[in-house]
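Step one of this worksheet: look at the structure below.
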Amino acid sequence: MSRQDINRSGEMEVFVSVVERGGFSAAAMARRMTPSAVSKLVARLETRLGARLVNRSTRRLQLTPEGCAFYERSIAILADIAEAERQASTGEQASGRIRINTSGSFGNHVLAPLVPAFMALHPAVTLDISHTDRIVDLMEERADVAIRAGPLKNSSLIARKLGATGKIIVASPDYLSGHGKPHTAADLRRHCRIGFSYTRATEGWPLREDGETVMIPITPGVQVGDGEAMRHLALSGAGLARLAAFTVRADIDAGRLVPVLEEANPGDLEEFYAVYMGQGGPLPARVRALLDFLVSHVRF
């Protein structure tokens, strides 16, 4: 069979069904195929790709690392195909209100500068933006899209990755002139550290020591509920803060904040996602337009 004769999107659809339904028989029922036909299709796909995608057993099906990567890319490609078909068939225009929930830091430093360009492209759309670092229930808050850092936990939601940013420990020049500049992780004990008042996935600051990354527990002298409040406290000289690079880049360039312990920075990245409900049929054109715009334009 020539490459032109291969129905790649059809293969992807079947493979995605196998993964999401947990096996060949369930996927076959959903696709109106026989289990043997589904099994043979996946086997042909693996042979063509030169990689095993699933490990089969009598009880369950487990994806290989290659299978996980192929599944994620298949989801994205099939979504793009569906979007292209919707736009071509309906010519639907994006219009109406989009409710966006995001952190103050992302909203002020990343989203706000992009709003004029988005509104110029979609003049029939209105934006309703609310800022909070608290994880919200999209249905309860009536939000169309939430922009959040970290991995997706709720399986009823769908996430599109926007990018990743580094983290930087910073302090104001006034604070450093009065308290000195820390040079080692041990030095942090004598400094005021500004922390978050809510539970985070990682409690502490990762730093490099003797070639290894160690987590330094942080007992903050001041706690706040959002990144923008933390930034302003650092600017006022209240202490050290560890923040996303995009939050403090302009302050560092202007000399309002100074990076510290950069030689011990492990280079860890914080990923950001646009999260939306995946139930209830096709997305409204206004939401699809926003998601596509963010994926294309957000830069850290």
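Filter region 13-35 down to the residues that are open to solvent by less than 30 Å² (accessible area, probe 1.4 Å) and out of contact with any Gly (no Cβ under 9 Å at 6 or more places or on another chain) and list them by number. Answer for region 13-35, where residues must be open to solvent by less than 30 Å² (accessible area, probe 1.4 Å) and out of contact with any Gly (no Cβ under 9 Å at 6 or more places or on another chain): VAL14, VAL16, SER17, VAL18, GLY23, ALA27, ALA28. Filtering region 7-38 to residues that are over 15 Å from PHE70 (Cβ atoms) and either touching a residue at least 40 places away in the same chain (Cβ under 8 Å) or in contact with a Leu (Cβ under 7 Å, 6 or more places away or on another chain) (or both) leaves GLY22, GLY23.
Checked against (1) outside any helix (DSSP H, G or I); (2) surrounded by fewer than 19 Cβ atoms within 10 Å (Cβ to Cβ); (3) at pLDDT 95 or above, ALA250 passes all but condition (1). Scanning for something under 29 Å from GLY255 (Cα atoms), of a type outside the set (A, V, I, L, M, F, W, C) and either exposed (fewer than 12 other Cβ atoms within 10 Å of the Cβ) or at pLDDT 90 or above (or both), does region 118-127 turn up at least one residue? For region 118-127, residues under 29 Å from GLY255 (Cα atoms), of a type outside the set (A, V, I, L, M, F, W, C) and either exposed (fewer than 12 other Cβ atoms within 10 Å of the Cβ) or at pLDDT 90 or above (or both): absent. Remark: pairs (first residue in region 210-238, without any contact (Cβ under 8 Å) to a residue 12 or more places away in the chain; second residue buried (at least 16 other Cβ atoms within 10 Å of the Cβ) and in a loop (DSSP other than H, G, I, E, B); Cβ separation under 9 Å; 6+ apart in sequence or on different chains) = HIS232/ALA238. Evaluate the following for LEU49: is it at pLDDT 90 or above, open to solvent by 70 Å² or more (accessible area, probe 1.4 Å), among the aliphatic types (A, V, I, L, M) and more than 30 Å from GLY225 (Cα to Cα)? Yes. Picking from residues in region 192-218 that are surrounded by 13 or more Cβ atoms within 10 Å (Cβ to Cβ) and charged (D, E, K, R), the one that is nearest to the chain's Cα centre (by Cα) is ARG208. Restricted to region 225-238, and to residues there that are in a loop (DSSP other than H, G, I, E, B) and at pLDDT 95 or above, the residue that is farthest from HIS179 (Cα to Cα) is SER236. Pairs meeting the criteria (first residue in region 172-191 and open to solvent by 60 Å² or more (accessible area, probe 1.4 Å), second residue among the small types (Gly, Ala, Ser), beta carbons under 6 Å, at least 6 apart or on different chains) are ASP174/GLY237.
The values are calculated or read from the model by the stated rules, or taken from the named source; none is laboratory data. Since this is a predicted model, take the numbers as computed values, not measurements. Note that we place each Cβ from the backbone using ideal geometry, even for glycine, and neighbour counts take in every protein chain shown. To get the accessible areas, we keep the full protein, side chains included, count just its heavy atoms, and leave off ligands, DNA and RNA. Shrake-Rupley method; radii C 1.70, N 1.55, O 1.52, S 1.80 Å.
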